[in-house]
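The values are calculated or read from the model by the stated rules, or taken from the named source; none is laboratory data. These numbers were taken from a predicted model, which means no experiment stands behind them. Here the Cβ positions follow ideal geometry from the backbone for every residue, glycine too, while neighbour counts run over all protein chains shown. Ligands, DNA and RNA are excluded from the accessible area calculation, which covers all protein heavy atoms including side chains. Shrake-Rupley method; radii C 1.70, N 1.55, O 1.52, S 1.80 Å.
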Amino acid sequence: MKKKQQTDAAVLFDAWCEVYSTSDLPLPDTLREIQIDELIRKNKQAAYHYLYSDIPLKKRLVWLNKLFSDCGLTDYEQLLGLLKENSKLIRRNIERLLLDKEKKTRKLLEQLYPELDEESQNWARQLFKYWDNTHASAAKIKFRNKQAVIDYCSKHIELYCTQQIAWLPQKPYTRLHWANETDVDEFVPRHVIRYVLSEYMSLNQVVRLHACDAIVPFIEEEEWQAMMEELFRYWQSDSAEANRRMLLLPYCFYGSEQQIAQLSPLIKSWSRASRKQLSRFVLKLLGIKSSPNALRILNEWMEISPNGTYRTTSWNAFRQAAIRKGMTVEELADQIIPTFGFNSSAEKEVSYGTRTFRVTLNPDFTLSVFDLEKQKVSKSLPAPTKHDDRKKAEKAREELSTLNKVVKTQTKIQRKRLEQSLKNGRTWPRKIWQTIFIENPVMRYITTGLVWGVYKEGQLRESFRYMENGKCITVDEKEFILSDDAIISLVHPVDLTSEILSGWKKQLDDQGITPLLPQLTAPVYYLSEEEKQVNTITRYSGKQVYISNIYNFETADITTRIENDILYIIDRSLNIVIQLPFVTEGNEVLLKEIYFSSWEEDEDMETIRLPKNEKLPLSAIPERIICSILNMLINAFSLEK
């Protein structure tokens with residue numbers, strides 16, 4: 001490249017960085033016309049030269065992300081060379097860019113390592129540790145006995161790492177016993193506990209350390225958890241400083257279900273206090289923990305959180321947990337629906353020590369209490385008497401008070417999930433449907449107010465309702481026998497004739513049943529025979545739209561992107577991409593057409609791969625999905641006004 005061309009490019013690069021590093025500056029018309037990514041790719045050397053020129057740190061950060069993230073350049077030697085500047089902000093950005101690029105960058109970083117200062121070397125070691133613990137082989141580490149644990153910790157404990165736990169009080173971890181050890185006077189050496197804590201506290205990224213996973217089971221579990229509870233509360237009392245949040249890793253990963261459960265109100269309090277990053281951090285940890293309580297907390301946040309950021313974070317964490325278990329998100333969500341201790345008859349017994357009560361979950365999701373001694377029904381547990389075990393009684397009363405709230409929360413969550421199933425036509429084999437919707441008492445009460453269908457090859461064969469007496473009936477109230485190989489889904493009104501739809505509405509009205517969701521009044525939009533023969537919907541062409549209105553409809557499942565005058569709406573729950581090309585005329589944005597493309601999930605949910613110029617035939621898309629999509633677009637853009 002000629003020197004003048006390099007100078008011209010550098011001027012443009014600097015002007016671009018000036019705008020993007022100063023949020024209050026408008027983008028000049030001259031820069032609007034420049035395809036900056038293409039210019040960078042054609043002038044790589046000039047782009048790298050500008051990266052290393054005498055520019056402010058803010059511009060350098062903007063530029064390195066532009067080169068190696070937006071433009072996808074792969075000259076990582078140029079990127080790693082910036083480590084010599086010893087800037088924490090630069091290291092953070094480099095780390096984010098390199099986390100999933102070990103194969104391409106590890107050798108380069110190892111070669112550069114001796115030339116780095118101490119802080120950058122410590123940073124590099126933590127990145128190596130992160131990479132090492134993402135390998136499947138790392139999970140195979142085992143210890144034969146406690147002496148092997150002691151020797152390993154003695155060999156691998158690092159001064160740099162222990163400096164990260166200097167703020168913690170030492171007393172809680174000085175008298176922990178070995179697991180299954182009969183000698184009460186033998187304690188786990190302090191450096192073993194310090195090794196586990198310091199390894200996690202020195203991390204820059206969230207990852208399970210497999211060596212620590214192999215060490216902790218050698219320590220008496222309840223004592224370990226009590227120690228972590230004390231350290232956790234100490235951190236909380238010290239304002240829960242964000243830069244010490246890595247203490248949450250060993251707390252979550254090796255904590256009890258009770259400890260996990262108490263994180264739920266804590267996340268809510270942090271979110272109310274605008275500690276968004278800390279709340280999202282814990283949600284991510286819960287996805288790695290993947291215990292029943294951890295997954296239920298995530299499921300609640302991803303379904304009914306009012307904040308889109310939290311919904312997305314929870315959905316991503318839940319999805320990663322599902323991938324590790326070899327399941328879909330919905331399959332995993334099915335597995336963690338709680339019974340709250342109720343048996344199949346929606347009853348459970350509660351003891352005060354001397355007295356026993358039967359708690360019943362009613363069809364309206366309220367609770368009733370039956371005193372077995374007095375043969376009396378009430379809405380709540382009585383106060384304990386002097387003959388009762390006060391601790392048992394108070395615990396039972398507290399649990400019952402909490403139960404009222406969590407049952408209501410669970411019905412909200414399941415309503416959201418059923419709304420999605422109504423839209424996307426999710427199906428269940430009869431045996432699985434029976435387990436989820438009949439054997440669980442909470443779900444059974446929901447099930448009786450809904451109309452279900454047996455489907456074959458995507459077509460409705462028969463619709464039915466499940467009754468409280470355990471039988472299924474048809475719209476004309478005849479008994480319906482489910483075959484063992486039945487494939488069941490919620491019925492969508494688009495699949496019913498007007499006569500059958502009216503019949504089901506009348507049956508529910510006659511029996512005084514109010515369904516949990518407005519299934520039978522779901523909006524229905526029919527495609528004409530002409531539209532079914534093509535792959536594009538043009539009935540709304542020329543309609544003026546306000547593109548920004550779509551942002552109100554974004555959820556954990558729905559993401560939007562605008563590129564080259566096309567609005568892309570990615571709906572993960574429907575597994576489809578809606579494309580809306582538009583044209584701008586003056587101050588108006590006019591819709592051109594609507595068409596659909598298939599969509600494939602990336603392992604990294606932060607990366608959205610937009611589809612090619614593919615247009616699925618409208619006839620190949622289930623009618624209920626067409627209804628769901630058109631209803632969203634009509635509401636977002638007022639298309640039928």
#### Entry: Looking only at region 580-602, and only at residues there that are among the β-branched types (Val, Ile, Thr) and either surrounded by 14 or more Cβ atoms within 10 Å (Cβ to Cβ) or at positive phi (or both), the one that is modelled with the lowest pLDDT
589
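Name the residue, out of 61, 67, 80, that is surrounded by 13 or more Cβ atoms within 10 Å (Cβ to Cβ), under 30 Å from the mean Cα position of the chain (by Cα) and within 24 Å of residue 206 (Cβ to Cβ). Talk me through it step by step, then tell me what you get.
On the way: 67 fails: within 24 Å of residue 206 (Cβ to Cβ); 80 fails: under 30 Å from the mean Cα position of the chain (by Cα).
On inspection, the qualifying residue turns out to be 61.
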### Pick from region 16-33, criterion surrounded by 14 or more Cβ atoms within 10 Å (Cβ to Cβ) and not charged (D, E, K, R), ranking: modelled with the highest pLDDT
17
### Query
Do we find a residue being small (Gly, Ala, Ser), on the phi > 0 side of the Ramachandran plot and modelled with pLDDT under 90 anywhere in region 85-107?
no
## Note on the structure
Within region 552-570, the residues that are over 30 Å from residue 408 (Cβ atoms), part of a loop (DSSP other than H, G, I, E, B) and of a type in the set (D, E, K, R) are 565
## Note on the structure
If we take region 192-258, then helices (runs of 4 or more DSSP H) inside it with 1 or more residues that are under 27 Å from residue 140 (Cβ atoms) and touching a residue at least 60 places away in the same chain (Cβ under 8 Å) are 210-215
### Query
What pairs can you find where one residue is in region 94-116 and under 12 Å from residue 130 (Cβ atoms), the other is modelled with pLDDT under 95 and hydroxyl-bearing (Ser, Thr, Tyr), and their Cβ atoms are less than 6 Å apart, with a gap of 6+ or different chains?
98/105
### Message
Checking residue 342 against (1) hydrophobic (A, V, I, L, M, F, W, C); (2) open to solvent by 80 Å² or more (accessible area, probe 1.4 Å); (3) under 21 Å from residue 449 (Cα atoms), only one condition comes out false. Which one?
### Response
(2)
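Which ones in region 124-138 are of a type in the set (A, V, I, L, M, F, W, C) and surrounded by fewer than 12 Cβ atoms within 10 Å (Cβ to Cβ)? Spell out the reasoning first.
As a first pass, look at region 124-138 and keep what is of a type in the set (A, V, I, L, M, F, W, C): 124, 127-128, 131, 136, 138.
136, the sole residue that qualifies.
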### Query
Does region 263-286 include one or more residues that are out of contact with any Ser or Thr (no Cβ under 8 Å at 6 or more places or on another chain), part of a helix (DSSP H, G or I), free of Cβ contacts under 8 Å to residues at least 60 places away in the same chain and within 27 Å of residue 445 (Cα to Cα)?
yes
#### Entry: helices (runs of 4 or more DSSP H) lying entirely in region 432-551 (those with 2 or more residues that are touching a residue at least 24 places away in the same chain (Cβ under 8 Å) and either open to solvent by less than 50 Å² (accessible area, probe 1.4 Å) or not charged (D, E, K, R) (or both))
441-447, 498-510
### Task
Within region 202-224, count every residue that is in contact with a helix residue (DSSP H, G or I) (Cβ under 6 Å, 6 or more places away or on another chain), surrounded by fewer than 18 Cβ atoms within 10 Å (Cβ to Cβ) and modelled with pLDDT of 95 or more.
0
### Message
Being open to solvent by less than 30 Å² (accessible area, probe 1.4 Å) and either in contact with a His (Cβ under 8 Å, 6 or more places away or on another chain) or over 28 Å from residue 243 (Cα atoms) (or both) is true for just one of 153, 161. Which residue is that?
### Response
153
### Query
Quick one: in region 349-387, which of the residues that are in contact (Cβ under 8 Å) with a residue 40 or more places away in the chain and in a strand (DSSP E or B) is nearest to residue 401 (Cα to Cα)?
367
### Message
Out of everything in region 603-641 that is modelled with pLDDT of 85 or more and charged (D, E, K, R), what residue ends up being least open to solvent (accessible area, probe 1.4 Å)?
### Response
624
### Task
Might you let me know whether region 571-579 holds any residue that is surrounded by 13 or more Cβ atoms within 10 Å (Cβ to Cβ), on the phi > 0 side of the Ramachandran plot and at pLDDT below 90?
yes
### Task
Read through the list (1) over 18 Å from residue 289 (Cβ atoms); (2) of a type in the set (D, E, K, R); (3) surrounded by 19 or more Cβ atoms within 10 Å (Cβ to Cβ), then give the number of the only condition that residue 199 fails.
(1)
### Task
Could you run through region 291-338 and say how many residues are within 25 Å of residue 254 (Cα to Cα), in a loop (DSSP other than H, G, I, E, B) and either aliphatic (A, V, I, L, M) or open to solvent by 50 Å² or more (accessible area, probe 1.4 Å) (or both)?
5
### Task
Note down all Cβ pairs under 6 Å where the first residue falls in region 66-81 and is within 17 Å of residue 17 (Cα to Cα), the second is surrounded by fewer than 18 Cβ atoms within 10 Å (Cβ to Cβ), and they're at least six residues apart or on different chains.
68/97; 71/37
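Assess whether residue 417 counts as being within 26 Å of residue 467 (Cα to Cα) and either open to solvent by less than 20 Å² (accessible area, probe 1.4 Å) or in contact with a Gly (Cβ under 7 Å, 6 or more places away or on another chain) (or both). Steps first, answer last, please.
Details: within 26 Å of residue 467 (Cα to Cα): yes; either open to solvent by less than 20 Å² (accessible area, probe 1.4 Å) or in contact with a Gly (Cβ under 7 Å, 6 or more places away or on another chain) (or both): yes.
Yes, satisfied.
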### Query
Looking at region 370-382, is at least one residue touching a Pro at 6+ places or on another chain (Cβ under 9 Å), crowded, with 16+ Cβ neighbours inside 10 Å and of a type outside the set (Gly, Ala, Ser)?
no
